[in-house]
Each structure stands twice: as structure tokens, then as C-alpha cells.
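Undergrad: This structure is in C-alpha cells; I'll ask about it shortly.
The values are calculated or read from the model by the stated rules, or taken from the named source; none is laboratory data. This structure is a prediction, so every number in the text was calculated from the model and none was measured. Every residue, glycine as well, gets a Cβ built from its backbone with ideal geometry; the counts of neighbours run over all protein chains shown.
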Amino acid sequence: MNACLMTLISFLGQLQIHQKLDPPKVLPLVLPIEADKFIEGQWVEVIYTAQPNGEAIHVEPGERVWQVQDDMVLMLGATGSPLPRSVTTRAVAFVWIENDQGRWGPISIYPRRDTLTLTSQADEITSQLKAGVPGLDAVYLTQVAHYLAGNLASLDVLGDSYSVTGNGTVINANGDWVGGRLIPNIPGNSVFVGKDAGLNDDGTLNNCTAVGSSALKENISGSTNVAFGLNALKNSTTGQDNTALGTYSLLLNMTGSYNTAVGRGAMYNNTTGSHNTAAGDGASQFTTTGVSNSAFGKNALEDNITGHRNSALGTNSGTQTDDLSNTTALGYFARTTADDQVRIGNASVNSIGGQVAWSTLSDGRFKTEISENVPGLSFILGLRPVTYQVDTEGLNRFLGVKDEFPQSKSRSMNVETGFIAQDVQRAAQSLGFNFNGIDEPSNTQTPFALRYAMFVVPLTRAIQEQQAEIDQLKAELHALRDGS
């Protein structure tokens, strides 16, 4: 008989010492069904009825099958919830046994005759075990009884509630069983706690940990996975080194590996994508095959499906479409609309700054095909400086941004100064000037933008051209004066 079961039975016996309750009882049941129906360590649900096909009077959601010598045995009331008086006071009752393979019963039990009353005396437990499980070796039963009696000292008493060392509180102050299912390690250094957690694990050296109903349920040979929460990593079969913390996190993952999902529904739809990180309610929830994405914040990267190497930080930040790559979005509702793009903030942001100016890499060792063909005055004189107001609501509609907390309309009334990108484009095109100060959209979802720092170069050229004209005029003036 497994040591975990013995500890739990002895724990129930301790109740009569520390609390004036009816002595706890368990009922050994040698299964009359063919041995190949059950295996050691299998978990079953037990339904108790007063009549063979009557209504349930008690249900134990989790009882473990034990192999005692050549018999398969259930220790009713030991690993599920304590047997109530509605069962223990009956002369005869019936049980139905259910698991994923089927339902068996009814099996007759005789609680009034066969239940064991747990005590701290080994001799008393031995005699009851002999009666409850007849035909077993007396020496073996004596060893079991002494183990049960000797391990009462391992229990911790916490006021009127009780806990088992390493497993936490299992019976609360009301005398109710709150310990849930305590499933021991299975072969392969894995630990599964919860209904159907790790149900299909093949028992090889997988080193997995799953806590929660159906967590890692479909895992077969995936290794070093960690899943905490209802249905976390439920459908993963061979993926490895995944971490899912939160209800439904990485729910549909199958073979994806090296993913980390933290939060309810984080990376919910991922199937084969790997090396992704998502933290936040619904973060990266629609990504399926994308690789090396990072999403932090509620619904961050929510529109990405197959894109790779995207980074998003902030609620609803991320890509505007489902297949972009190498983008970065920083801030609430910051959205990228094309590959290789960085966006900081949303349309309502009116100040971005820092202690020092932005640096652009400009190392001559890495510049080739250098030409001094930048137009100056001809380009600058073709520009149209204007003042304007930004229609932030219209821009948000264009970008598909649905703000959860809309800003005041007065923000779009701020007066700005600058250029119109399309005007700058026309001025450059009229001169055949391939001006990199214009951030032209690569698709219909992207608005025009300007890189104002780039205007320094043609402005410098314009000043140089003006200075050359000034120097020439000065020389001509001096010549006129000398000639006079």
C-alpha cells in the first residue's frame, strides 16, 4: 500500500484525537472486476447509492486504485472526501466506479460491517484490516498498521483546521474536506494535481509539473513543461520547455516549445509557435504559428497570428495586421502597421522626450557610394510650412484603434507647426530627389509620416548655397569698388 495513502488515512485518524468528531472511517474494497480494467495509481470517481440504480447519496471525485499483493483495492473515504454518516450507518449500499474508460457497477458494499475506524493503535488497525481485506498476509497488514499509527506525529494541527505537511490544509474549521486530489509523483519525475491533469503522460523522464483541472492533459512525451491553472497547456502533446501560468493559457498549444504565457488566456491559440513570451490577460491570444514574439499587457499583440519577432508593451499594443514581422510597439494602444516598424505611443500622445537628443548611427566606415547631390535652396523653397490641428479621432479610426478610455476631444485642438507629408513628397519628386525624410506608407493601413531630423541635411545645403552666393556677391561688390 502506497505511503501517500497511509499518511492520508492516518491523518483522518488524528481527527478523533484533536477534535471531538465521529471517528473517521474508511472502507477497503477489493474490486470484483477483471484485473485488466484497472492499474495501480489510476484515479476513479466513486458514486454511492442506496439502491442498485438509485440516486447518488455521496460522490467521491477522486479515489486512487491501489495494488495490494494480487488484488486491486479502493480505500473508500481515504483519498477523496471522508465517508459521511449517510454511508457509514447503512448495512448495505452500492457503488458505481467511473473513469475515462467506462462505468462499472453496481458493487455491493457493507459499511456497517466493513468500515475501519481509524485509531492511533496499530493492533486495532491490524485487526480491522484483516476483517476488511480478508486473505492478505498478516505480517504485511501488521506493518501497514504500525506505519499508520507511527505517522500520526507527521500531521500539523492548525487551530481547528488540519493540514498534512507539504500538502497544506485538507480539512477546514467546519470539518469539510478541502484538500482536493493529492496525486503522488508518477514515473518520470512529473507531478500532476487536479482532475485529468497530465492524464495521458507516458511516464517517461518528462519532468513536468501541472496543477489544475485538465492542465497538461494531452501531454504524451513533452518534457520540462510547467502548467498552472484550469486547462493550462491542455492540448500540448510533445512540446517542451513551455510555461503556462493562468486559466486557459497556452490552451491549444500542440508542439510549440520554449513558450512562456502568464495570464488568463495568454497565448490561447498558439499551436506550433515557439520561443514566444506573453504576459497579461489575453496577451498574444490569437498567435498560432508565430515565432519569437514578446507581448506584455492586456491583449498585447492580440492581432498577430503568424508574424515573427514582434514586441509589444502596453494594453492593446501590437501589430495592426496579423502577419507583420520585426515590429516594436510601446505604449497604450501603440500600433505598428508595416514590417520593420517601431511605434511609441498612440495618437493622443503630445510629448515624447528625454534628457538627450536621439542618436542616429552615422559611422563613415559603414557608408558607401557617397555623393554630394543633395538639393538645397531649390528643395527648401519648394516646401510649405503650415500650422494645423491633428484629427486624433479620425487617425484612430484609420488605424482601427478602439480606445477603452477615449481622451477629451480638446486634445485634437492643439495647434501644431510643420509640413504636410504629401507636399514634401511632391517637392522632392519635382527635383528627382529621393528624400529619406518622408516615411512613405508601404500599405493602405499606414499613414504618411515625416522624419524631421532629415531636413537638417537639405537645410545645411541651402545655407551653404546661400553663403556661396553671398561670397560671390561680396567679391563682385569689392571688384566694382576697386574698379571705381
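Undergrad: Looking at VAL415, VAL390, can you tell me which residue is of a type in the set (A, V, I, L, M) and within 28 Å of THR319 (Cβ to Cβ)?
TA: Step by step, each of VAL415, VAL390 is checked, and only VAL390 is of a type in the set (A, V, I, L, M) and within 28 Å of THR319 (Cβ to Cβ).
Undergrad: Something else about it: Here is a list of conditions, (1) closer than 30 Å to GLY331 by Cβ; (2) in a strand (DSSP E or B), and ALA227 meets all of them except one; can you say which number that is?
TA: (1)
Undergrad: Under the condition of being in contact with a Leu (Cβ under 8 Å, 6 or more places away or on another chain) and not in a loop (DSSP other than H, G, I, E, B), which residue from segment 327-341 is nearest to LEU395 (Cα to Cα)?
TA: ARG335
Undergrad: Given the conditions (1) more than 18 Å from TRP43 (Cα to Cα); (2) touching a residue at least 40 places away in the same chain (Cβ under 8 Å), and given that LYS195 satisfies all but one, which numbered condition is not satisfied?
TA: Condition (1) is where LYS195 drops out.
Undergrad: Out of curiosity, is ALA244 closer than 20 Å to VAL193 by Cβ, at pLDDT 95 or above and in a strand (DSSP E or B)?
TA: Considered against the rule, which asks whether it is closer than 20 Å to VAL193 by Cβ, at pLDDT 95 or above and in a strand (DSSP E or B), ALA244 comes out as yes.
Undergrad: Please list, ordered by first then second residue, the pairs with beta carbon atoms under 9 Å, 6 or more apart or interchain, first in segment 94-110 and assigned by TED's automatic domain parsing to the domain that holds VAL46, second of a type in the set (Val, Ile, Thr) and surrounded by fewer than 16 Cβ atoms within 10 Å (Cβ to Cβ).
TA: Listed pairs, sorted by first residue: ILE97/ILE33; TRP104/ILE33; ILE107/ILE33; SER108/VAL92; ILE109/VAL92; TYR110/VAL92.
Undergrad: Could you tell me whether any residue of segment 451-468 is basic (Lys, Arg), modelled with pLDDT of 90 or more and part of a loop (DSSP other than H, G, I, E, B)?
TA: Among the residues of segment 451-468, at least one is basic (Lys, Arg), modelled with pLDDT of 90 or more and part of a loop (DSSP other than H, G, I, E, B), which makes the answer yes.
Undergrad: Right, something else. Of the residues that make up segment 384-391, is at least one of a type in the set (Ser, Thr, Tyr) and part of a helix (DSSP H, G or I)?
TA: no
Undergrad: Right, here's the next one. Report whether or not PHE398 is surrounded by 12 or more Cβ atoms within 10 Å (Cβ to Cβ), of a type outside the set (Gly, Ala, Ser) and at positive phi.
TA: no
Undergrad: Identify, from the list ASP176, ASP201, the residue that is loosely packed, with under 14 Cβ neighbours inside 10 Å and either within 30 Å of ASP281 (Cβ to Cβ) or at pLDDT 50 or above (or both).
TA: Residue meeting the stated conditions: ASP176.
Undergrad: Given the conditions (1) modelled with pLDDT of 95 or more; (2) under 50 Å from the mean Cα position of the chain (by Cα); (3) not in a helix (DSSP H, G or I), which single one is not true for PHE433?
TA: Evaluating PHE433 over (1) modelled with pLDDT of 95 or more; (2) under 50 Å from the mean Cα position of the chain (by Cα); (3) not in a helix (DSSP H, G or I) leaves (2) as the failure.
Undergrad: If you don't mind, another one. How many residues are assigned to a strand (DSSP E or B) and modelled with pLDDT under 80 when one looks only at segment 81-98?
TA: Here the count works out to 0.
Undergrad: How many residues does segment 277-300 hold that are touching a strand residue (DSSP E or B) at 6+ places or on another chain (Cβ under 9 Å) and within 14 Å of LEU252 (Cα to Cα)?
TA: Qualifying residue count, segment 277-300: 3.
Undergrad: Considering every residue within segment 63-80, establish whether at least one is in a strand (DSSP E or B), modelled with pLDDT of 85 or more, of a type outside the set (A, V, I, L, M) and out of contact with any Gly (no Cβ under 6 Å at 6 or more places or on another chain).
TA: Looking through segment 63-80, none of the residues is in a strand (DSSP E or B), modelled with pLDDT of 85 or more, of a type outside the set (A, V, I, L, M) and out of contact with any Gly (no Cβ under 6 Å at 6 or more places or on another chain).
Undergrad: Further question: Could you go through segment 329-346 and let me know if any residue there is in contact with a strand residue (DSSP E or B) (Cβ under 6 Å, 6 or more places away or on another chain) and polar (S, T, N, Q).
TA: Looking for residues that are in contact with a strand residue (DSSP E or B) (Cβ under 6 Å, 6 or more places away or on another chain) and polar (S, T, N, Q), one finds at least one in segment 329-346, hence yes.
Undergrad: Of the conditions (1) in a helix (DSSP H, G or I); (2) surrounded by 12 or more Cβ atoms within 10 Å (Cβ to Cβ); (3) in contact (Cβ under 8 Å) with a residue 24 or more places away in the chain, GLN425 fails just one. Which one is it?
TA: (3)
Undergrad: Quick test of your reading of the structure: ASN304 fulfils all but one of (1) assigned by TED's automatic domain parsing to the domain that holds PHE448; (2) without any contact (Cβ under 8 Å) to a residue 24 or more places away in the chain. Name the failing condition by number.
TA: The one condition ASN304 does not meet is (1).
Undergrad: Restricting to segment 460-484, and then to whatever is surrounded by 15 or more Cβ atoms within 10 Å (Cβ to Cβ) and under 60 Å from the mean Cα position of the chain (by Cα), can you tell me which residue is farthest from LEU381 (Cα to Cα)?
TA: ARG461
Undergrad: Considering only residues that are under 13 Å from ALA232 (Cα atoms) and buried (at least 20 other Cβ atoms within 10 Å of the Cβ), look in segment 265-281 and name the one that is farthest from the chain's Cα centre (by Cα).
TA: Ranking the qualifying residues of segment 265-281, first place goes to ASN270.
Undergrad: Here is a list of conditions, (1) in contact with a strand residue (DSSP E or B) (Cβ under 8 Å, 6 or more places away or on another chain); (2) at pLDDT below 95, and GLU476 meets all of them except one; can you say which number that is?
TA: (1)
Undergrad: How many of the residues in segment 99-135 are surrounded by 15 or more Cβ atoms within 10 Å (Cβ to Cβ) and modelled with pLDDT of 85 or more?
TA: Number satisfying all stated conditions: 6.
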